[in-house]
Amino acid sequence: MAPKEMAPKEMARKQTSRRDFLKTAAAGAALLPMPAIAQGAAGQVVVVGGGFAGASCARFVKRIDPRIAVTLVEPNATFIACPFSNGVIVGLRDLKAQEFNYDKLAADQIGFTTASATGVDASARSVTLSNGARLSYDRLVLAPGIDIRWDGLPGYDEAAAERMPHAWKAGEQTLLLRRQLEAMPDGGTVVISAPANPFRCPPGPYERASLIAYYLKTNKPKSKIIILDAKDAFSKQSLFQNGWKALYPNLEWVSLSAGGKVNAVDVGAMTLVTDFDRYKADVANVIPPQKAGRIAEVAGVADRTGWCPIDPATFESKLVPNIHVIGDACIAGAMPKSAFAANAQAKVCAAAVAKLIAGQKPDEPRLINTCYSLLAPDYGISVANVYGPADGQIKDLGGGVSPINAPSSARAAEATFANGWFNTITAEVFG
Amino acid sequence: MNTRIAIFAALLCAPAAPAFAAGIADAPAGATSCSGCHATSRAVDTAVPRIVGRNPDEIVTAMHAFKSGARPGTVMDRIAKGFSDDEIKAIAAWYGAQKD
């Protein structure tokens with residue numbers, strides 16, 4: 001938007017916020033990015049969180065309208081991707097293959113600030129950072145991913161996660177679970193606890209169980225793996241169960257109605273407690289209940305569920321104006337919490353943000369999610385759907401899962417496509 | 001429709017470097033999701049074919065064949081079912097206009 005098109009009041013507000021920004025820039029010295037104070041900026045967008053959602057959104061806002069000043073706020077200089085990290089757990093990949101940095105985003109004239117967002121003043125349209133800086137925004141995009149609900153499972157706290165890793169945020173936890181599996185003697189029992197919906201990566205626990213079963217079959221064939229589930233149904237269920245029957249006789253799934261819900265863990269005894277049983281594990285992977293990353297709660301965009309209701313066309317919060325929430329943190333209706341969905345949402349949100357800043361009406365979007373899971377290195381399955389807004393929610397417009405009866409060549413092709421997908425999406429977001 | 005203008009604009013301001021720079025603001029509904037799998041950069045190691053700069057008629061024909069089941073796919077037979085013929089046409093035209 002050209003300055004002459006601004007209403008006087010809007011103009012005054014922008015000048016004030018820019019002056020504040022300069023003041024903060026002087027105080028915060030090198031912390032603040034140059035592009036954000038570029039001449040003729042058509043607006044300021046702050047993106048919090050540099051994962052698949054946030055980094056994509058920052059890039060696409062800038063690509064759609066290079067005049068918009070975009071700042072990405074992220075505490076880590078290195079991003080560690082969750083998709084494919086199950087391969088790291090079982091030794092098929094190095095953690096290095098999951099690591100990405102933000103150098104290319106800086107080259108796109110996106111300001112990168114290594115800090116956490118600690119506060120949001122929605123009426124002043126500003127974000128406070130852990131380094132004391134304050135950033136003004138016209139539109140704020142929150143992409144904080146998930147936080148573990150440390151109060152969600154009795155006995156499971158941060159100390160417990162050092163014995164019974166969740167490995168649901170990639171990094172040290174991923175390596176810890178890997179080391180535990182490697183150290184486990186043949187004949188041991190691995191137990192995975194899968195949470196109730198909603199949670200990050202719905203097919204993730206079952207892909208992980210599959211790949212661990214693959215590792216055990218290959219390296220420790222007398223061992224077994226049990227999934228204790230708080231659900232009776234899960235993503236790509238018949239495909240997983242079909243594959244397990246053929247490949248992994250030592251994999252057992254205990255559904256909610258069969259008593260699979262874990263009610264507590266006893267870390268000292270390495271035991272998971274259900275209604276009727278106690279499961280002693282040699283390796284326990286507890287995937288605990290989750291919620292939107294903390295800044296969502298701080299900003300007031302999370303509801304009582306712990307997740308963030310959004311407008312299905314723009315991803316603007318239904319609770320606080322001018323704040324958008326994308327990725328795992330938002331309630332995206334029929335869309336799952338996946339990296340593909342986060343990236344697709346980010347691009348739709350970026351387009352909407354640019355239009356809103358320009359005073360135009362956002363378009364009605366369509367979004368795709370494609371999500372691959374591996375049952376073995378050469379055995380891939382997928383779910384793929386198209387989504388769009390309807391009745392105030394994001395609805396499924398068509399798609400489905402891989403055919404249940406497919407030749408092994410089709411499973412191998414999907415495994416190849418899965419690898420290609422990871423390379424493609426990480427190149428788009430970070431490359 | 002706007003699409004035609006968008007394509008014209010995309011052709012006029014052909015991007016110097018990154019594919020996708022031109023006309024990104026006018027991407028039709030659904031188009032930006034495709035690049036999650038269909039790489040815009042030639043440097044990416046993937047078996048998934050690129051669609052940037054591809055003949056729009058080819059894309060439309062393939063999508064209709066996926067949608068009707070005439071052509072077997074891995075995921076495209078499922079994704080094609082979620083788009084209307086008009087949406088497919090607009091997406092194909094937009095990708096076709098992207099500079100390779």
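Mind checking which residues of segment A:79-98 are over 15 Å from the mean Cα position of the chain (by Cα) and either surrounded by fewer than 21 Cβ atoms within 10 Å (Cβ to Cβ) or among the aliphatic types (A, V, I, L, M) (or both)?
A:V88, A:I89, A:V90, A:G91, A:L92, A:R93, A:D94, A:L95, A:K96, A:A97 - these are the residues of segment A:79-98 that are over 15 Å from the mean Cα position of the chain (by Cα) and either surrounded by fewer than 21 Cβ atoms within 10 Å (Cβ to Cβ) or among the aliphatic types (A, V, I, L, M) (or both).
Is it fair to say B:G36 is within 12 Å of another protein chain (Cβ to nearest Cβ), at pLDDT below 95, within 24 Å of A:G388 (Cα to Cα) and part of a loop (DSSP other than H, G, I, E, B)?
No, not satisfied.
List, please: which pairs have Cβ atoms under 9 Å, are six or more places apart or on different chains, and start with a residue in segment B:82-99 that is assigned to a helix (DSSP H, G or I) and end with one that is of a type in the set (S, T, Y) and buried (at least 22 other Cβ atoms within 10 Å of the Cβ)?
Final answer for the pair search is B:G82/A:Y387.
Look at A:A124 and say whether it is within 15 Å of A:T71 (Cβ to Cβ) and either touching a Ser or Thr at 6+ places or on another chain (Cβ under 9 Å) or not aliphatic (A, V, I, L, M) (or both).
No, not satisfied.
Based on this model, can you work out whether A:T370 counts as hydroxyl-bearing (S, T, Y), closer than 18 Å to A:F52 by Cα, outside the structural domain of A:L177 (by TED's automatic domain parsing) and surrounded by fewer than 24 Cβ atoms within 10 Å (Cβ to Cβ)?
Taking the combined requirement at face value, the residue does not satisfy it.
Does B:A93 count as more than 9 Å from every other protein chain (Cβ to nearest Cβ), closer than 30 Å to A:I68 by Cα, among the small types (G, A, S) and within 12 Å of the chain's Cα centre (by Cα)?
yes
Please work out if A:A269 is assigned to a strand (DSSP E or B) and within 30 Å of A:R179 (Cβ to Cβ).
Here the answer is no, as A:A269 does not meet what is asked.
Residue under question is A:V348, and the condition is that it be buried (at least 24 other Cβ atoms within 10 Å of the Cβ) and under 21 Å from the mean Cα position of the chain (by Cα); does it hold?
yes
When the residues of segment A:82-117 are narrowed to those that are among the basic types (K, R) and free of Cβ contacts under 8 Å to residues at least 24 places away in the same chain, which ends up nearest to A:S130 (Cα to Cα)?
Out of the qualifying residues, it is A:K96.
More than 11 Å from chain B (Cβ to nearest Cβ), assigned to a strand (DSSP E or B), of a type outside the set (A, V, I, L, M) and in contact with a helix residue (DSSP H, G or I) (Cβ under 6 Å, 6 or more places away or on another chain): which single residue out of A:S373, A:S382 fits that description?
Of A:S373, A:S382, the one residue that is more than 11 Å from chain B (Cβ to nearest Cβ), assigned to a strand (DSSP E or B), of a type outside the set (A, V, I, L, M) and in contact with a helix residue (DSSP H, G or I) (Cβ under 6 Å, 6 or more places away or on another chain) is A:S373.
Could you check segment A:57-87 and list, in sequence order, the residues that are closer than 22 Å to A:G204 by Cα and either among the β-branched types (V, I, T) or not in a strand (DSSP E or B) (or both)?
A:I80, A:A81, A:C82, A:P83, A:F84, A:S85, A:N86, A:G87
The values are calculated or read from the model by the stated rules, or taken from the named source; none is laboratory data. The structure presented is a predicted model; accordingly, all values stated were derived computationally and were not measured. Ideal geometry is used to build each Cβ from the backbone, glycine not excepted, and the neighbour counts take in all protein chains shown.
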